[in-house]
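For reference, the structure discussed in these notes is given below.
Rule-based calculations on the coordinates, nothing more; no lab input. None of the values given here were measured: they were computed from a predicted structure. When we count neighbours, we look across all protein chains shown, and the Cβ atoms used for this are built from the backbone with ideal geometry, even at glycine.
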Amino acid sequence: MEQIAALDRRIQMLATDMRMLSGEMKVDVMVSLLSSMLERQALMEGERKSMGEAMRRRMMERREPAAASFEQEPGAMCAPAN
């Protein structure tokens, strides 16, 4: 998240510079701006992917013990209560 915040600041700075410049300098800043934006997007996608994987692992961990208990006692849910 620190990298993303740093890129946000860089993007803001480059966008401001781009508005003030012209010619070749403007093109150079635009290249840097686009590169920074692409880097930020890749980091965000990586964060989302790792968060999604972590959530799926937690969900699977929660489900496994319940499924295992049913397998250990196959007739427990259907057996009449006395």
Suppose the chain between residue 2 and residue 62 were pulled fully straight at 0.36 nm per residue; how much longer would it get relative to their current alpha carbon spacing?
18.5 nm
So what are the ³J(HN,Hα) numbers for segment 34-40, from phi and the Karplus equation (6.51, -1.76, 1.60; θ = phi - 60°), rounded to whole Hz, Gly and Pro as x?
5, 4, 5, 5, 5, 4, 4
Model label zone, residue 51; criterion: amide N under 17 Å from point 7 Å along Cα-to-beta-carbon; scope segment 5-26:
5-8
